[in-house]
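Participant: Next up is a structure, given as structure tokens.
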Amino acid sequence: MFYVSIFFQYASQYMKTRLTYRSDLVVELFSDILFQAVNLIFILVVFGHTTLLSGWSREEIIFIYGFFLVPYAIFSSFFNIWDFNERYIVKGEMDRVLTRPIHSLFQIIIERMELESMFGVITGVAIMFYAGSQLGLTVSWYDPFMFILMVAGGALIYAGIFIILASISFWSDSRTDIMPMMYNIGNYGRYPVDIYNQVIRYVLTWILPFAFVGVYPAAFFLGRDEWYFYAFLTPVMGLVFITIAVFAWNEGVKRYRGAGN
Amino acid sequence: MYLEMLRIRFLMMLAYRTNYYSGILIYSINIGAYYFLWQAIYGGQESIQGLSVVQMTTYVAIAWMARAFYFNNIDREIAQEIQEGKVAVEMIRPYNYLGMKTMQGLGEGLFRLLFFSAPGMVIVWLAFPISFSAEVSVWGFFFISLIFSFIVNTQINLLTGILTFFLLYNTGLIRAKRVVIDLFSGLLLPISFYPLWAQDIMAFLPFQAISYIPSMIFTEGFTGGEVYSALFQQAVWCLILIVPIQILWVTARRRLIVQGG
């Protein structure tokens with residue numbers, strides 16, 4: 001209960017700060033939409049030169065992209081820890097976080113949330129409905145529940161990967177530029193994994209399982225039953241990765257000695 | 001003195017070099033994934049818009065490696081210094097603030113070119129079919145073009161950074177600028193892949209001077225007279241962009257509002 005009330009207090013404070021600089025908020029929402037459009041444009045331009053991507057049509061790829069946007073929006077609203085090392089370890093901010101009465105990871109999440117990213121959920125669902133209607137997909141009674149489950153799994157996988165990467169900072173406090181690049185790798189899970197070779201497919205499935213935040217769960221809604229096994233694995237992978245991540249984080253915090261002043 | 005600033009930034013980056021090796025690995029996965037994606041897009045086709053699959057792979061690889069050189073975060077640094085009020089102190093120092101920022105960006109870029117792009121390119125060359133030109137002149141033109149792309153990109157970054165003086169809070173604009181550059185500079189897709197009407201619009205924008213031109217020179221997608229006119233186009237943009245920077249800078253200094261600090 002305590003955590004819930006803290007969360008809402010931070011959320012309301014956040015709204016107030018954001019509304020102070022309104023023009024920037026508008027630009028930021030606009031830039032989010034632009035960002036989502038860029039990837040759509042990429043798909044559209046590419047399909048201007050080809051009709052099928054190893055057996056997947058343009059609308060199917062667009063549908064996968066729409067699905068991807070939803071867990072990604074949730075992830076980017078709450079897990080802005082890509083600059084954790086610089087912001088918290090190098091500048092010594094972690095000392096302050098550790099004196100707070102709530103779990104350090106939770107403290108960082110609520111400090112760094114960017115609620116306006118949730119807008120991506122709307123764009124994502126809209127894109128899915130558009131592509132779905134083009135493909136003639138129908139919505140069954142269980143689809144919304146599966147959707148929530150898959151989205152939760154995807155968001156947890158994203159969160160897990162980034163928390164693990166952030167935890168590395170506890171062991172090596174030098175700067176890494178890995179995190180921004182990870183965002184790029186996340187994009188490859190949006191394409192049918194059968195276009196990649198074994199190594200990359202393996203990496204995208206088991207090591208950096210971004211394929212579970214795109215093509216696998218979306219295959220379920222597209223009725224591609226050859227991928228059902230992986231689709232159903234999505235929530236499991238989410239739980240596994242978030243567990244590893246929290247464990248790595250807790251171990252890391254124990255080792256934290258502080259840097260700077 | 002400006003050389004000294006360049007040197008210091010270079011040495012600062014050198015201190016953190018170990019983490020760059022993991023960065024190279026991630027970049028290689030990145031390029032690898034793009035390689036397979038493009039193979040799937042080409043399907044059986046020999047060439048799209050005059051580029052073969054091998055040229056396309058080379059294009060992607062060089063575009064990302066060149067990005068390591070011209071890319072920098074000085075827009076965010078400037079925005080932060082303005083918000084923290086440090087910029088007032090910087091302004092009374094006996095050097096040109098924008099010149100200093102440019103030099104820091106160059107130091108960072110040179111570091112990445114030597115320790116990141118060069119070894120990265122070798123790895124990518126071993127792993128994927130990439131064609132390097134045997135002609136010395138192609139390499140020469142490429143490096144000239146790369147310098148121009150650094151200048152244009154830095155100028156755009158300076159412009160975005162200075163705009164913080166007017167907007168006060170600038171993260172949205174910085175993000176929007178990044179997305180626009182990724183798309184319109186030709187990093188994700190060669191400009192020639194776009195529909196003609198879009199190409200016509202982009203011809204009036206400075207962005208293709210950043211990535212499309214050096215990459216096309218390197219892959220020999222541009223030959224003969226095209227190279228000279230492309231280089232000329234870059235040079236023109238370098239000169240044109242000086243005007244808005246100077247105007248904004250002079251105005252900004254007059255209406256400086258220090259936000260705390």
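Participant: Once the Cα atoms of helix A:2-20 and of chain A are each reduced to a long axis, what angle between those two axes, in degrees from 0 to 90 to the nearest 10, is obtained?
Facilitator: 80
Participant: Still on this structure: When the Cα centres of the range A:1-51 and the range B:186-215 are compared, how far apart do they sit, in Å?
Facilitator: For the range A:1-51 versus the range B:186-215, the Cα centre distance is 26 Å.
Participant: Based solely on its DSSP helices, what 222 nm [θ] is calculated for the protein assembly as shown when runs of n ≥ 4 H residues each add -39,500 (n - 2.57) and the sum is averaged over all residues, nearest 500 deg cm²/dmol?
Facilitator: Per the formula, -23000 deg cm²/dmol.
Participant: Check which residues have an amide H placed less than 5 Å from B:PHE222's amide H, if you skip close sequence neighbours.
Facilitator: Sorted by chain and number, the residues that satisfy this are B:ILE217.
Participant: Any idea what angle helix B:136-162 forms with the longest principal axis of chain B, computed on alpha-carbon atoms, 0 to 90 degrees, nearest 10?
Facilitator: Relative to chain B, helix B:136-162 is tipped by roughly 40 degrees.
Participant: Counting other C-beta atoms within 10 Å, which of A:GLU116, B:GLU226, B:GLU46 has the fewest, and how do the rest follow?
Facilitator: On the way: A:GLU116 19, B:GLU226 13, B:GLU46 7.
The fewest-first ordering by Cβ neighbours comes to B:GLU46, B:GLU226, A:GLU116.
Participant: For the pair B:LEU126/A:PHE2, report the inter-label distance in nm, with labels modelled 7 Å from Cα in the Cβ direction.
Facilitator: Result: 5.4 nm between the two label points.
Participant: How do A:LYS254, B:LYS101 rank when sorted from fewest to most other Cβ atoms within 10 Å of their own Cβ?
Facilitator: Numbers: A:LYS254 8, B:LYS101 22.
Final ranking by Cβ density, sparse to dense: A:LYS254, B:LYS101.
Participant: Taking the Cα centre of chain A as the origin and placing charges on Cβ (Lys, Arg +1; Asp, Glu -1), which of A:PHE8, A:TYR183, A:VAL199 is farthest toward the positive end of the dipole?
Facilitator: Value computed over the given set: A:PHE8.
Participant: A further question follows. With charges set only on the Cβ (+1 for Lys and Arg, -1 for Asp and Glu), what does the dipole of the range B:2-254 come to about its Cα centre, in debye to the nearest 20?
Facilitator: Details: 14 positive and 13 negative charges, 159 e Å.
So the magnitude is around 760 debye.
Participant: Note down the magnitude of the dipole of the range B:22-137 about its Cα centre, charges +1 on Lys and Arg C-beta and -1 on Asp and Glu C-beta and zero elsewhere, to the nearest 20 debye.
Facilitator: Charge dipole of the range B:22-137: 120 debye, to the nearest 20.
Participant: So what are the ³J(HN,Hα) numbers for the range A:62-71, from phi and the Karplus equation (6.51, -1.76, 1.60; θ = phi - 60°), rounded to whole Hz, Gly and Pro as x?
Facilitator: Residue by residue, the range A:62-71 yields 5, 4, 4, 4, x, 4, 3, 4, 5, x Hz.
Participant: Out of residues 5 or more away from B:ASN73 or on other chains, whose amide H comes under 5 Å of its own, with H placed 1.01 Å from N in the peptide plane?
Facilitator: none
Participant: Which value, in debye to the nearest 20, gives the size of the charge dipole of the protein assembly as shown about its Cα centre, when Lys and Arg are +1 and Asp and Glu are -1 at the Cβ?
Facilitator: Numbers: 31 positive and 32 negative charges, 287 e Å.
Charge dipole, the protein assembly as shown, about its Cα centre: 1380 debye, nearest 20.
Participant: Same structure, new question: Can you find, among B:THR102, B:PHE222, B:PHE36, the residue sitting farthest towards the positive end of the charge dipole of the protein assembly as shown, where Lys and Arg contribute +1 and Asp and Glu -1 at Cβ?
Facilitator: Of the listed residues, the answer is B:THR102.
Participant: On to the next question. Only counting other Cβ atoms within 10 Å, I'd like B:THR164, B:THR102 sorted with the fewest neighbours first. Kindly include the intermediate steps, with their values, before the conclusion.
Facilitator: Numbers: B:THR164 25, B:THR102 22.
Placing the least packed residue first, the sequence is B:THR102, B:THR164.
Participant: Compute the angle between helix B:2-15 and the longest alpha-carbon principal axis of chain B, please, reported from 0 to 90 degrees and rounded to the nearest 10.
Facilitator: That helix lies at roughly 60 degrees to the long axis.
Participant: What ³J(HN,Hα) values, in whole Hz, does the Karplus curve 6.51 cos²θ - 1.76 cosθ + 1.60 give for the range B:182-192 when θ = phi - 60°, with x put for Gly and Pro?
Facilitator: Working through the residues one at a time gives 4, 7, 7, 7, x, 5, 7, 9, x, 4, 5 Hz.
Participant: Let me ask something additional. Which chymotrypsin sites (Phe, Trp or Tyr not before Pro) in the range B:70-167 sit in a loop by DSSP (not H, G, I, E or B) and have at most 15 other Cβ atoms within 10 Å of their own Cβ? Show your work: numbers first, answer last.
Facilitator: Numbers: sites: B:TYR70, B:PHE71, B:TYR95, B:TYR97, B:PHE111, B:PHE115, B:PHE116, B:TRP125, B:PHE132, B:TRP139, B:PHE141, B:PHE142, B:PHE143, B:PHE148, B:PHE150, B:PHE165, B:PHE166; in loops: B:PHE71, B:TYR95, B:PHE132.
Passing both the DSSP loop test and the Cβ count: B:TYR95, B:PHE132.
Participant: Taking θ as phi - 60°, what are the ³J(HN,Hα) couplings along the range A:85-95 by the Karplus curve (6.51, -1.76, 1.60), each to the nearest whole Hz, with x for Gly and Pro?
Facilitator: Values, residue by residue: 4, 5, 6, 9, 7, 5, 7, x, 5, 4, 4 Hz.
We did not get these values from a lab; they are worked out from the coordinates using the rules stated. All values reported here derive from a predicted model rather than from experimental measurement. Positions of Cβ are backbone-derived with ideal geometry, glycine not excepted, and every protein chain shown enters the neighbour counts.
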